[in-house]
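Working notes, beginning with the structure itself.
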Amino acid sequence: HGLRATAEDGTHFDLLRGPGGDASQNSAHFGSPRGSGPNAHMVSLTDIWTRTEIAVALGGNSVAEKHLADQLLPALGPGMVVLGDRGFPSHEGLLDIAGTGAHFVMRASASWGLRRCGRPLADGTYLTKLSFRGRTMKARVIEFHIDFVTHLAAGDPLLTGAAAAGIVITILTTDDTGTGTGDGNGAAACQSDAPGVTVQVSQTFTLITSLLDTAAFPAAGIAALYGDRWSIE
């Protein structure tokens with residue numbers, strides 16, 4: 001729809017120890033997790049379709065992603081939309097992004113407790129208000145749900161950590177042979193080399209965006225755009 005789609009995301013990566021072991025310059029500057037060598041924290045702003053880096057912010061291992069993301073604001077501007085996962089948005093941060101002239105599509109966690117402003121919009125989405133230190137703006141909230149069936153190996157972290165991520169896991173069948181399950185037409189729907197379980201994964205997403213025009217920016221298109229965020233991985 002005429003906007004350059006970008007995403008910001010963070011990662012940690014190990015650095016060379018260099019001479020001096022734990023006393024190296026990298027360890028002193030970036031820090032070292034316990035039992036590890038020097039480790040840096042980076043947040044990048046990436047064009048999600050060309051997969052090119054627009055800007056990066058680099059800091060110590062313990063530097064918060066939000067602090068690094070704030071350093072990327074000068075790279076934003078009109079004609080852009082920036083996507084981000086639950087760890088990035090804050091009222092202050094979203095107002096700062098809007099202040100650059102760029103738009104945002106960010107996933108909000110349940111803790112936001114978004115309040116509706118007025119009646120639902122024509123497509124079922126609704127407006128909310130963002131405020132921080134005298135600044136305020138309206139934003140649009142889009143909620144959607146996904147379900148899919150997949151095969152997980154025994155001991156997969158998703159089986160034990162799903163609840164913390166807001167994911168509902170329903171075990172459909174157990175698989176002691178590791179061959180997966182079929183689709184009823186002789187084709188294997190899920191394949192695995194190890195025993196595990198076939199599960200249904202259900203998850204609800206809440207997106208908050210500055211794209212308010214329901215005709216120009218349909219909710220389904222914004223939900224699909226958020227899915228494209230993962231292309232930067």
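The values are calculated or read from the model by the stated rules, or taken from the named source; none is laboratory data. All figures in this text were calculated on a predicted structure; none of them were measured in a lab. When we count neighbours, we look across all protein chains shown, and the Cβ atoms used for this are built from the backbone with ideal geometry, even at glycine. Side chains are part of the model used for accessible areas, which takes the heavy atoms of the whole protein and leaves out ligands, DNA and RNA. Shrake-Rupley method; radii C 1.70, N 1.55, O 1.52, S 1.80 Å.
Things to note:
- Neighbourhood charge, 13 Å Cβ-Cβ cut-off, centred on residue 216 and excluding it, Lys, Arg +1 and Asp, Glu -1: -1
- Taking every DSSP beta bridge that has both ends in the chain, the antiparallel portion is near 85%.
- Solvent-accessible surface ranking, highest first, for 104, 132 at 1.4 angstrom: 132, 104
- Prolate/oblate/rounded call for the stretch 64-118, Cα gyration tensor, a/c under 1.5 rounded: oblate
- Extension reserve of the residue 64-residue 117 stretch, reckoned as 0.36 nm per residue once the Cα distance is removed: 15.9 nm
- Cubic angstrom per residue, convex hull over Cα atoms of the stretch 1-107: 104 Å³
- Summed side-chain charge close to residue 201 - residues other than residue 201 whose Cβ falls under 12 Å, Lys, Arg +1, Asp, Glu -1: -2
- The accessible area of residue 204, taken with all protein chains in place and a 1.4 Å probe, comes to roughly 80 Å².
- Backbone geometry of the stretch 4-13 corresponds, through the Karplus equation with coefficients 6.51, -1.76 and 1.60 at θ = phi - 60°, to 3J(HN,Hα) couplings of 7, 8, 10, 9, 10, 7, x, 7, 10, 8 Hz, x marking Gly and Pro.
- Sorting 233, 8 on solvent-accessible area from highest to lowest, probe radius 1.4 Å, gives 233, 8.
- When Rg and Dmax of the Cα atoms in Å is computed from the coordinates, the matching label among [x] 20.2, 65; [y] 18.6, 60; [z] 21.2, 64 is [z].
- Area of residue 211 that stays accessible when all protein chains are in place (1.4 Å probe, Å², to 10): 10 Å²
- Distance-filtered residues of the stretch 125-143 - backbone nitrogen under 14 Å, label point 7 angstrom along residue 212 Cα→Cβ: 126-131, 136-141
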